[in-house]
Amino acid sequence: MTHTYAKLDWTDDGQPLSKSHGDVYFSRASGLDETRHVFLTGNSLPARWQNAPAFTIAETGFGTGLNFLAAWQLWQQTASPEQRLNFISVEKFPLTPEDMAKALALWPELGTWTRPLLEAYPALLAGMPMVHNNVTLRVDFTDTASALPSWTSPVDAWFLDGFAPAKNPDMWTNDLFTNMARLTPCGGTFATFTAAGVVRRGLQNAGFDVHKVRGFGHKRDMLTGQRT
């Protein structure tokens, strides 16, 4: 499997920046705190997976893997061994194994979960899922427009990540929102760092109840909601 790897610049404090999109992978204030605020709290996790035999999270933009690691950490801390977490993501421009290791070194508290991810990453790049106890990770290394139409499994929670709509308009399309609606049962949720009008309207038109809530750090607003 041939990949076009992400071209990165690095800040003085070791944070990755995308050269092609001119955007950050996560908040410069604290990427891990941002993930927890936007995607975990924004999807009412862990409350929503309590007593669920299985729970599926779908993500747009795997990036450094930080969102997956934060979700996995919370899952291990709050779910029972009998429950199963399925995490499905998309990434058109994956990080090289070396760049991913460098980026994730910023979060030593995630080391317990980072190590098995880095060990499995070459196999993920080759198209194999990562299975670790009761957690399964699959990453489709293509764009969302190509990946989502083939998905069939119901999605309980969406992490709408990726670069900002103004810098990555090809991802934030009506096709994305209609595929989300197709895959999400009533009561399924989403959260995203952006409050852009094109995203809010697209989700509303696709059948989601959308709420503007307090964003993380310097971001005034973000969006959360559920399938109606």
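Laid out as a table, the results:
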item: Stokes-Einstein D (µm²/s) once Rh is taken as the Kirkwood radius of segment 1-45 over alpha-carbon pairs, at 37 °C in 0.692 mPa s; result: 269 µm²/s
item: Distance between modelled label sites at A196 and S153, nm, 7 Å Cα→Cβ extension; result: 2.8 nm
item: Length added when fully stretched, A145-R84, from 0.36 nm per residue minus Cα-Cα; result: 19.2 nm
item: Stokes-Einstein D (µm²/s) once Rh is taken as the Kirkwood radius of segment 110-196 over alpha-carbon pairs, at 37 °C in 0.692 mPa s; result: 220 µm²/s
item: Under 19 Å between alpha carbons - lysine pairs in the chain that sit 8 or more apart or on different chains; result: 9
item: Candidates P169, P94, P185, ranked by Gaussian network fluctuation over the chain, Cα under 10 Å, top entry; result: P169
item: For D23, residues with placed amide H under 5 Å, excluding near neighbours; result: S18
item: Gained length - C186 relative to K19, 0.36 nm times residue gap less alpha-carbon distance; result: 56.3 nm
item: Two-site label geometry, Y5 and V131: point separation in nm, points 7 Å out along Cα→Cβ; result: 2.9 nm
item: Relative contact order of segment 21-227, defined on C-alpha pairs under 8 angstrom at six or more residues apart (%); result: 23 percent
item: Nonlocal amide H pairs with A54, under 5 Å, H built at 1.01 Å; result: R84
item: Inter-label distance for T96 and S44, nm, one decimal - labels placed 7 Å from Cα along Cα-to-Cβ; result: 4.4 nm
item: Förster-model FRET efficiency, 35 Å R0, H211 and N51, C-beta, rounded to 0.05; result: 0.90
item: Neighbour net charge for L183 - beta-carbon separation under 15 angstrom, K R +1, D E -1; result: -1
item: Spatial separation of Cα centroids for segment 158-212 and segment 1-65, in angstrom; result: 16 Å
item: Dipole of segment 21-227, positive end: most advanced residue of F93, F141, L183 [Cβ charges, Cα centre]; result: L183
item: Computed magnitude of the charge dipole of the chain (debye, nearest 20; Cβ of K, R +1, Cβ of D, E -1); result: 540 debye
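Just so you know, all these numbers are worked out from the coordinates, no wet-lab data involved. Everything numeric here is computed off the predicted structure, so don't read it as measured data. Cβ: placed from backbone, ideal geometry, glycine included. Neighbour counts: every protein chain shown.
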